[in-house]
1. Would the range 80-93 turn up any residue that is crowded, with 16+ Cβ neighbours inside 10 Å, in contact (Cβ under 8 Å) with a residue 24 or more places away in the chain, out of contact with any helix residue (DSSP H, G or I) (no Cβ under 8 Å at 6 or more places or on another chain) and closer than 23 Å to residue 34 by Cβ?
2. Going through the range 19-54 one residue at a time, which ones are part of a helix (DSSP H, G or I) and near the ligand (Cβ under 10 Å from one of its atoms)?
3. Identify all residues within the range 56-71 that are more than 14 Å from the chain's Cα centre (by Cα) and over 18 Å from residue 132 (Cβ atoms); write none if there are none.
4. Exactly one of (1) closer than 21 Å to residue 143 by Cβ; (2) over 14 Å from the mean Cα position of the chain (by Cα); (3) touching a residue at least 24 places away in the same chain (Cβ under 8 Å); (4) within 13 Å of the ligand (Cβ to nearest atom) is unmet by residue 14. Its number?
5. Does the range 55-90 hold any residues that are under 20 Å from residue 17 (Cα atoms), more than 9 Å from the ligand (Cβ to nearest atom) and outside any helix (DSSP H, G or I), and which are they?
6. Cβ-Cβ under 7 Å, sequence separation 6+ or interchain: first residue in the range 38-61 and closer than 18 Å to residue 82 by Cα, partner surrounded by fewer than 13 Cβ atoms within 10 Å (Cβ to Cβ). Which pairs?
7. Restricting to the range 1-26, what's the tally of residues that are touching a strand residue (DSSP E or B) at 6+ places or on another chain (Cβ under 6 Å) and surrounded by fewer than 19 Cβ atoms within 10 Å (Cβ to Cβ)?
8. Being within 14 Å of the ligand (Cβ to nearest atom), modelled with pLDDT of 95 or more and over 12 Å from the mean Cα position of the chain (by Cα) is the requirement here; does residue 95 meet it?
Ligand code: S3P
């Protein structure tokens with residue numbers, strides 16, 4: 001089996017689903033945000049504060065290029081689809097699974113997640129978060145080879161659907 005790449009908005013469950021997919025398939029799990037943090041040697045929030053979002057996107061593209069041919073389960077960062085170059089690269093990486101979710105689900109999740117500081121969400125109102133999300137929807141769909149709805153579903157059910165669709 002080829003590797004599986006997960007895309008979707010912050011709070012869609014890319015990390016949770018990625019870890020479970022890794023357990024079920026035996027493929028190792030990689031989180032792009034972790035790879036970037038290793039490279040930059042600081043948190044993503046610190047990097048945004050110091051260098052801005054565009055510099056972060058550069059790092060993201062660099063990591064993506066490194067994993068074009070891969071045999072992992074990869075959880076990407078929610079903004080990886082912002083660059084057209086990345087969307088083109090992702091299209092070469094199928095299966096790429098868009099974990100589809102809606103603001104009603106991810107906004108409370110993001111507010112309750114105190115483990116990660118996300119610069120594009122921290123101290124934003126629900127309306128502002130929606131404004132980050134909405135322009136991205138078409139980008140996720142463009143880059144994905146498979147769309148899986150995650151609302152009202154357990155990680156186990158999501159993983160089962162992904163694996164059934166891939167086989
Ligand atoms: C971002 C999502 C984050 C992280 C960074 C930017 C985004 O990853 O890459 O804070 O622009 O959506 P998660 O989707 O894993 O939270």
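The values are calculated or read from the model by the stated rules, or taken from the named source; none is laboratory data. The shown structure was predicted, so the numbers you read here are calculated from the model rather than taken from an experiment. Neighbour counts run over all protein chains shown; Cβ positions are idealised from the backbone, glycine included.
1. yes
2. Within the range 19-54, 32, 33, 34, 36, 37, 44, 45, 47, 48, 53 meet the criteria.
3. To start, the set of residues in the range 56-71 that are more than 14 Å from the chain's Cα centre (by Cα) comprises 56, 58-59, 62, 65-71.
Of everything in the range 56-71, those that are more than 14 Å from the chain's Cα centre (by Cα) and over 18 Å from residue 132 (Cβ atoms) turn out to be 58, 59, 62, 65, 66, 67, 68, 69, 70, 71.
4. If we test residue 14 against (1) closer than 21 Å to residue 143 by Cβ; (2) over 14 Å from the mean Cα position of the chain (by Cα); (3) touching a residue at least 24 places away in the same chain (Cβ under 8 Å); (4) within 13 Å of the ligand (Cβ to nearest atom), just (2) comes out false.
5. Matches in the range 55-90: 67, 70, 71, 72, 73, 74.
6. 59/39; 61/85
7. Total satisfying the criteria: 2.
8. Details: within 14 Å of the ligand (Cβ to nearest atom): no; modelled with pLDDT of 95 or more: yes; over 12 Å from the mean Cα position of the chain (by Cα): yes.
So residue 95 does not fit the description; no.
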